[in-house]
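S.K.: Supplied in structure tokens, the structure appears directly below.
The values are calculated or read from the model by the stated rules, or taken from the named source; none is laboratory data. Here the structure is a predicted model, which is why all the values come from computation and not from measurement. In this analysis, Cβ positions are derived from the backbone assuming ideal geometry, glycine residues included, and neighbour counts consider all displayed protein chains.
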């Protein structure tokens, strides 16, 4: 791990509608590394991804988020994006009336190093589409409208390869994908990492997509707490045993903390 990580989440506690959902989360990702955030459904994994990206639905109550040496805790989502952050969604949005090609062109507007003339842009997008086994006819269709789940994920991979962010947060990217689509998306993730030495934080609750990737670190989240961090050897263990032991451990820790707090109040 680098002494100066690309992403540093420091003591992050956050809430929504006055309910605390993340508790003192600490997580570091160095440049060029692939990290995985795992845990059962409802653990708070996606919430953490959205908080890093600046989703205004959530409130940061304590701690901070540092990206590429800059405290971004108070930055708006668009500024975080321009700084080099990227977030994919569990359910990519549909935008009727906006062609995919226009959306992609707008997404790179004003980005350092990504300025392209029309002909160059079209050539680059077609090259990336071919790399993802994606029909270029999709470029003229309305963004996400009528796309299958796998097609929507391919569009996100296309955007990822085009933007080449410093850090990509991929939220349940493998959700609902068949074997062929999963292979294509895995290829896109690998191509992104190799093309720009990009970092990834992959959020998932199963291990399917991880079989195709070189993972540096694994973090396990339960009920808004990071309860374990280890190397990639933790993945097959989770695949075999699930998250039950982590949930029991987290419950015991909460009970001990509550008992200690009650004793202090007495």
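S.K.: Does residue 216 count as under 18 Å from the mean Cα position of the chain (by Cα) and within 24 Å of residue 12 (Cα to Cα)?
M.R.: yes
S.K.: Answer yes or no: is there a residue in the stretch 74-85 that is outside any helix (DSSP H, G or I), at positive phi and under 15 Å from the mean Cα position of the chain (by Cα).
M.R.: yes
S.K.: Scan the stretch 232-265 for residues that are modelled with pLDDT of 90 or more and closer than 21 Å to residue 12 by Cα and report the count.
M.R.: Going through the stretch 232-265 one residue at a time, the tally reaches 2.
S.K.: Where residues in the stretch 86-98 are modelled with pLDDT under 90 and part of a loop (DSSP other than H, G, I, E, B), which of them is farthest from the chain's Cα centre (by Cα)?
M.R.: 94
S.K.: Something else about it: Only residues that are at pLDDT below 90 and under 23 Å from the mean Cα position of the chain (by Cα): list them for the stretch 114-130, please.
M.R.: 114
S.K.: What single numbered condition from (1) surrounded by fewer than 16 Cβ atoms within 10 Å (Cβ to Cβ); (2) under 23 Å from residue 29 (Cβ atoms); (3) touching a residue at least 24 places away in the same chain (Cβ under 8 Å) fails to hold for residue 80?
M.R.: Unmet condition: (1).
S.K.: Moving on. Let me confirm something: among 37, 22, which residue is under 18 Å from the mean Cα position of the chain (by Cα), in a strand (DSSP E or B) and closer than 30 Å to residue 151 by Cα?
M.R.: Result: 37 is the single residue among 37, 22 that is under 18 Å from the mean Cα position of the chain (by Cα), in a strand (DSSP E or B) and closer than 30 Å to residue 151 by Cα.
Residue-by-condition table, conditions (1) buried (at least 18 other Cβ atoms within 10 Å of the Cβ); (2) within 14 Å of the chain's Cα centre (by Cα); (3) at pLDDT 95 or above; (4) within 27 Å of residue 210 (Cα to Cα):
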position	(1), (2), (3), (4)
49	yes, yes, yes, yes
66	no, no, yes, yes
100	yes, no, no, no
106	no, no, no, no
